[in-house]
Amino acid sequence: MASTKVITGLERLISEKPLQDKIKGNIGYLCHSASIDSEFNTGVSLLQNLFGKRLIKLFGPQHGFVTDVQDNMVETTHYVHPYFKIPVYSLYSETRTPTDEMLEGIDTMVVDLQDVGTRVYTYISTLSLLMEKCVGRNIKIVVLDRPNPVAGERIEGCILQPDYKSFVGRYPIPQRHSLTMGEVGLYGQKILKTDCDLEVIEMKNWKRSMYWRDTGLPWVLPSPNLPTAVGALTFAGTVLFEGTNVSEGRGTTRALEVAGFPGIESFSFRERIMQKFKEEGLTEGFNLRPIIFLPTFQKHMGKNCGGVHIHPTDFPKFDSWTVSQMLCREFKRELGDQFEFHSKPYEYEFHKLAIDLINGTDEVRLWVNKLGSLSELKKIETRGFDKFLGERETILIYR
């Protein structure tokens, strides 16, 4: 627990009059169920109490305004909220970009989303599309910043290559980017030259070394399959299994912390994995526990899956992306021809494989198929890191 609790952008806005004065005219509020203060009060209630009838529209990202929708390409509808009596527009509907009609009458768009620090997590894509839509419009975007739950120091995973740009990767950043939502906005504005009126209301007391457990803040799941803050840490790697026929645990209570497949004997599988990892020097920061789990929906629904539960044991030393890519290689080795990369549409992309969109490159998939070495994987991963780190240094808010 942090000795000094982090104060989010939302809490600063609610308590500091000079910040309130920055919110001009009619307000739109992009939020979800994790948009709360440290006492679990919802941001919508707080903003409505503060600004009254100036709060005219609400917006929800993927998974919905109330964070109830499970899967990708499952859209949510627009409606009038029965309690707040305000229109709620979905930015994961027939469009991911806000329309002219949605933005009509708005002077200030307040963005208050809890991100998880991984490129494919689509809330940063929603922010980027909003920023691009507001270029040349008289709409100010104010980001209420929140902690990156997997800290702000380490980067992991390939830099997105231009050919693999999609809704799960719009910026040329690593999979684990170690930026806050506000810093992602500044990256788009200053590095990619998105010429919109953007301001970030910074947090107080957040340090880049902080994981969620250090913030003193309550965790409310930002999407249905991340019930724990630890899951946000494993997610940076396990999300890759969405591009395969290996279950990432959807349909269980610890989704994106486990991986498995029907018919695998988990204890011997775990022994073989750990031996391979030890031979290549991948031993720090985690442990793998043999597990049998039963998905109640999605992949392998109703079938026992044998595999492993990934337990981070030393957060700063845990390479989530590397561990999961190496696991993927071992599933390929174990399953042979039973192992598959999905070819079905993924996040509105119909001509590229999901695994390549997730990884931001096809090189990792080719590495898995040839059962490549850890050293080969690291060469693929770190290409372009120096350039990104140089760009990133110029937009960091917190030190």
Given N residues in segment 269-388, what is its alpha carbon radius of gyration divided by 2.2 N^0.38 Å?
1.14
Rounded to the nearest 5, the percent of antiparallel DSSP beta bridges in the chain equals 55
Taking the dipole of segment 9-216 about the Cα centre (Lys, Arg +1; Asp, Glu -1; charges at Cβ), the one of Gln70, Tyr121, Leu19 that reaches farthest to the positive side is Leu19
Using θ = phi - 60° and the Karplus form 6.51 cos²θ - 1.76 cosθ + 1.60, what ³J(HN,Hα) does each residue of segment 76-84 get, whole Hz, x for Gly and Pro?
10, 9, 8, 6, 9, 5, x, 9, 7
Would you mind working out the magnitude of the charge dipole of the chain relative to its Cα centre, with +1 at each Lys and Arg C-beta and -1 at each Asp and Glu C-beta, to the nearest 20 Debye?
380
Rg followed by Dmax, in Å, when segment 133-175 is reduced to its Cα trace:
14.3, 37
A chain fully extended from Ser209 to Leu192 at 0.36 nm per residue, minus the present Cα-Cα distance, gains in nm 3.5 nm
So what are the ³J(HN,Hα) numbers for segment 221-235, from phi and the Karplus equation (6.51, -1.76, 1.60; θ = phi - 60°), rounded to whole Hz, Gly and Pro as x?
4, x, 8, x, 9, 10, x, 10, 5, 4, x, 5, 6, 6, 4
J(HN,Hα) series, segment 295-311, from Karplus relation 6.51 cos²θ - 1.76 cosθ + 1.60, nearest Hz, glycine and proline x
x, 8, 7, 6, 4, 6, 4, x, 10, 5, 10, x, x, 9, 9, 8, 10
On a 0 to 90° scale, report how tilted helix 266-280 is relative to the longest principal axis of the chain, with both axes built from alpha carbons and the result rounded to the nearest 10.
90
Let's test the formula: R0 of 35 Å, r as the Cβ-Cβ distance of Arg137 and Glu39. What FRET efficiency results, to the nearest 0.05?
0.50
How long are the semi-axes of the equivalent ellipsoid of segment 9-216, taking √(5λ) for every eigenvalue λ of the Cα gyration tensor, in whole Å from largest down?
24, 20, 17
The chain -> Rg/Rh from Cα coords, Kirkwood Rh, value 0.97
When the helices in the chain are scored as -39500 (n - 2.57) per DSSP H run of 4 or longer and the sum is shared across all residues, what 222 nm value do you end up with, to the nearest 500 deg cm²/dmol?
-8000 deg cm²/dmol
Mind listing the long-range amide H neighbours of Ile291? Cut-off is under 5 Å, sequence gap 5 or more, other chains count too, H placed in the peptide plane at 1.01 Å from N.
Gly307, Val308, His309
Projected onto the charge dipole of segment 9-216 (unit charges on the beta-carbon of Lys, Arg, Asp and Glu, signs +1, +1, -1, -1), the Cα from Gly169, Asn205, Leu192 with the largest positive-side position is that of Asn205
In debye to the nearest 20, how big a dipole does segment 56-201 give about its Cα centre with +1 on each Lys and Arg Cβ and -1 on each Asp and Glu Cβ?
220
Dipole magnitude of segment 245-336 about its Cα centre, charges +1 at Lys/Arg Cβ and -1 at Asp/Glu Cβ only, in debye to the nearest 20?
280
In segment 38-112, which trypsin sites (Lys or Arg not before Pro) fall in coil by DSSP and have 16 or fewer other Cβ atoms within 10 Å?
Lys85
quick note, segment 9-216, DSSP beta bridge pairs, % antiparallel (nearest 5) is 25
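Bear in mind these aren't lab numbers, they're just calculated from the coordinates by the rules spelled out. This is a predicted model, so every value here is computed, not measured. Glycine gets a Cβ as well: all are built from the backbone with ideal geometry, and neighbour counts include every protein chain shown.
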